[in-house]
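Trainee: After the structure tokens below, expect a handful of questions from me.
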Amino acid sequence: MSATIYTSDLTKEECVRRLQAHTGRGGWTLWAEGTVCAKIRGDHFRLCAWGPANLRNSFAPFFYGRLEAGDGKTRIRGRFRLHLTVRAFLVVWFGGLVVIAGLILLLPPSGWGSRRSPSVFAVLGPAAMILLGFGFIRLGRWLARGQMESLRCFLKRELNAQPDDAESPDNSLQATAAPPGS
């Protein structure tokens with residue numbers, strides 16, 4: 001996903017202090033739905049919103065952000081991404097399936113022992129697993145939409161952050177497309 005930029009009227013130090021109030025909720029204990037946990041390293045932070053207790057979604061995105069101070073205000077640059085472990089698993093999953101499908105398609109018939117090339121179903125298996133993987137990612141994103149909204153509300157509520165419309169690519173296109181004098 002593309003980067004999101006927020007502007008807060010709080011100082012960087014105050015933003016860090018407010019984020020630190022949401023750290024230290026360690027372990028994998030069950031928290032109420034919508035509870036936000038933070039992890040801070042310097043001016044970088046990660047936010048996680050807990051989902052429903054009966055549904056643990058590994059494909060729920062985290063908000064990875066960076067605080068930048070300037071003129072008594074703080075700019076928050078961040079993006080929603082999957083956790084590093086989940087991204088690594090997906091690279092292994094999809095990479096392995098692509099390698100298997102490539103070997104099935106490219107390996108000569110003499111390499112199969114029976115001297116016959118594999119059937120079309122041998123190629124459809126990895127293709128179906130790839131589609132299944134993309135389906136799980138889409139389902140996870142759909143299930144996590146409430147968690148993403150919880151994180152957006154947390155930024156607005158706790159850090160007084162508002163989306164920075166001046167940095168939005170849509171606004172820059174609208175500004176150039178507006179006729180002069182309007």
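Trainee: Return the residue satisfying two criteria in turn: it lies in the stretch 58-97 and is in contact (Cβ under 8 Å) with a residue 12 or more places away in the chain and part of a helix (DSSP H, G or I), and of such residues it is farthest from CYS15 (Cα to Cα).
Mentor: LEU97
Trainee: Give the residue that is modelled with the highest pLDDT, with candidates limited to residues of the stretch 20-51 that are open to solvent by 60 Å² or more (accessible area, probe 1.4 Å), among the small types (Gly, Ala, Ser) and over 16 Å from GLU158 (Cα atoms).
Mentor: Top of the filtered list is GLY42.
The values are calculated or read from the model by the stated rules, or taken from the named source; none is laboratory data. A quick note: this is a predicted structure, and the numbers were derived from the prediction, not measured. Note that we place each Cβ from the backbone using ideal geometry, even for glycine, and neighbour counts take in every protein chain shown. When the accessible area is computed, the model is the full protein with side chains, heavy atoms only, and any ligands, DNA or RNA have been set aside. Shrake-Rupley method; radii C 1.70, N 1.55, O 1.52, S 1.80 Å.
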